[in-house]
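Nothing in this text is a laboratory measurement; each read-out follows from the coordinates by a stated rule. The structure presented is a predicted model; accordingly, all values stated were derived computationally and were not measured. Note that we place each Cβ from the backbone using ideal geometry, even for glycine, and neighbour counts take in every protein chain shown.
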Amino acid sequence: MEEASFLETSKELLTFIENSPSAFHVVNNLAKILEDEGYVELSENQEWNISQAKGYFVTRGDSSIIVFKLPKDGAVDFTNFQITAAHSDSPAFKLKENPEIVSDNKYIVANVEKYGGMLMAPWFDRPLSVAGRVIVKETDTFETRLVNVDRDLCLIPNLAIHMNRDANSGIAYNAQKDMLPLMGEIESKDLLDKIIADAAEAQVEDIVGADLFLYNRMPGTIWGVDNEFISSPRLDDLQCAYSCVNALIKAENSNGESVNVCAVFDNEEVGSTTKQGADSTFLTDTLERIATMCGKDMEAYKRSIANSFMISADNAHGVHPNYTDKADPTNRPYLNEGIVVKYNANQKYTTDAISASIFKEICKRAGVPVQTYVNRSDIAGGSTLGNISNAHISLNTVDIGLAQLSMHSPYETAGIKDTKYMIDAIKKFYETSIYTNRNGSITLR
């Protein structure tokens, strides 16, 4: 792979992230990409009409999307689903209802609450703004509109070292007291509603609901002595979401046996237990409707599920140069050294010997390097999409990701090569039919 292709792919990723300050914008921008490629949008509350050799997508809750492409050869009797799953959300601060607080009769600060498990300290002293969605009432219709206040709107100022001499010895931050962003002086009271309404091209009195989040305004960058690294907000998990959708678009899907599917769920950072999360019926509902539209009865659908494979793609912890002891002694993933396969004995990750073997072979065929990640045995790890989705639709699944640093910071770091590696590997996955034989062995063809 040429260095130029790594650089170009990373630049395209950073542009996508910059245009996607909230999960709602992520899904809206993915939908635009798909429409430009000729994919057709379906609606869950309307009848579906699908045919061969076309791509489709459906959204739920404005912040989750499932994309699928039928086999090219015209065979409705597909054998399986080849699925990737990633997520659209990232840890952030969400504006509460009635968000303006008057401080000391001089300042206006925003009342916010934590969304997801985050590193709070990096949010200080950065230009921030607000993005998300609002609900606009027009007569008896309630319409969703995306909002991005595209300017430096607020900032969370640190307390000076002179007033807290122990600041460099570690602080336990209080989200209700320490993390409220400064928005303006007292003269600015009640202006926030007007700013949001203007961004939504609506009147203040017509906005009846909102889901709005703070986001870091600092643009992504490519850096390092040899431009080895990329840093950006929301790399976890937009690096995987962007890669999986692009891989599905690029894949030839020429085997004629598989329905290629990419699911990007919201709310992974808060447990996935929403109508649009991985713990919802969104994926199963979609797969069942695809099977029905292709003429499969429930027996045939169950056979295709039993023969299916899922890749759960959510970024992984790379070895930190200043904390090398935090990594496992023998499973030590690094930036720019390929896709990370994630393991956990307590099944926080779904990877097992079968799914890992299949995925490693696909990466080998794609010419993509592979690494492994396991937590230190004395450090608890997190979970992700795979095992949650498997509670609703059980199939062979591997958990993977790309190595990164500063996970759950508002500015994260990854490798310049790894986005291209991910796209190439997932593309090969979509172009490879994974078939489970009667004796339980698995054939790739």
*Which value in Å is the Kirkwood Rh of the stretch 224-380 over different Cα pairs?*
18.2 Å
_Modelling each spin label as a point 7 Å along the Cα-to-Cβ direction, I'd like the residue 324/residue 292 distance in nm, to one decimal._
5.7 nm
*Per residue, what volume in Å³ does the convex hull of the Cα atoms of the stretch 70-156 enclose?*
228 Å³
_For the stretch 93-216, the spread of Cα positions along each principal axis, largest first, Å_ = 57, 33, 22
_Per residue, how big is the convex hull of the stretch 258-317 when only Cα atoms are used? Give it in Å³._
101 Å³
*Considering only 151, 60, 133, give the residue with the highest GNM mean-square fluctuation for the chain, with springs between Cα atoms whenever their separation is below 10 Å.*
151
*What residues of the stretch 97-123 lie in the reach of a label at residue 185, counting those whose backbone N is under 14 Å from a point 7 Å from the Cα along Cα→Cβ?*
105-108
*asked:* Which one, 425, 239, 48, projects farthest toward the positive side of the charge dipole computed for the chain from Cβ point charges (K/R +1, D/E -1)?
replied: 425
*How much FRET efficiency would the formula 1/(1 + (r/R0)^6) give for residue 113 and residue 273, where r is the Cβ-Cβ distance and R0 is 25 Å, rounded to 0.05?*
0.90
*Can you pull the one-decimal nm distance between simple spin-label points at residue 361 and residue 162, each 7 Å off the Cα toward Cβ?*
6.8 nm
*Top positive-direction residue, dipole computed over the stretch 93-164 with Cβ charges, set 93, 147, 135*: 93
*Would you list 206, 236 from fewest to most Cβ contacts within 10 Å?*
206, 236
*Where does the chain land on Rg/Rh, using Cα atoms and the Kirkwood Rh?*
0.99
*Given the stretch 286-445 reduced to its alpha-carbon atoms as identical point scatterers, what log10 I(q)/I(0) does the Debye formula return at q = 0.17, 0.18 Å⁻¹?*
-1.04, -1.14
*Roughly what would the spin-label model give for residue 5 and residue 334, points 7 Å off Cα along C-beta, in nm?*
2.3 nm
*Assign one of three labels to the stretch 136-292, namely rounded, prolate or oblate, based on the Cα gyration tensor with a ≥ b ≥ c the square roots of its eigenvalues; rounded applies when a/c is under 1.5, prolate when it is not and a/b is larger than b/c, and oblate otherwise.*
oblate
*Max mean-square fluctuation residue, GNM over the chain, Cα-Cα springs under 10 Å, options 333, 91, 369*: 369
*Of 313, 249, 264, which is farthest along the charge dipole of the stretch 217-324 in the positive direction, counting Lys and Arg as +1 and Asp and Glu as -1 at C-beta?*
249
_I want to verify a result. In a Gaussian network model of the chain, Cα cutoff 10 Å, which of these has the top mean-square fluctuation: 275, 296, 177?_
177
_Long-range amide H partners of residue 70 with built H, under 5 Å_ = 53, 54
*asked:* Please compute the contact order of the chain in relative form: average sequence separation of alpha-carbon pairs under 8 Å and at least six residues apart, divided by the residue count, as a percent.
replied: 22 percent
*Size of the dipole of the stretch 284-344 about the Cα centre, Lys and Arg at +1 and Asp and Glu at -1 on the beta carbon, nothing else charged, in debye to 20?*
80 debye
*Using the alpha-carbon centroid of each, what span in Å lies between the stretch 36-72 and the stretch 198-217?*
28 Å
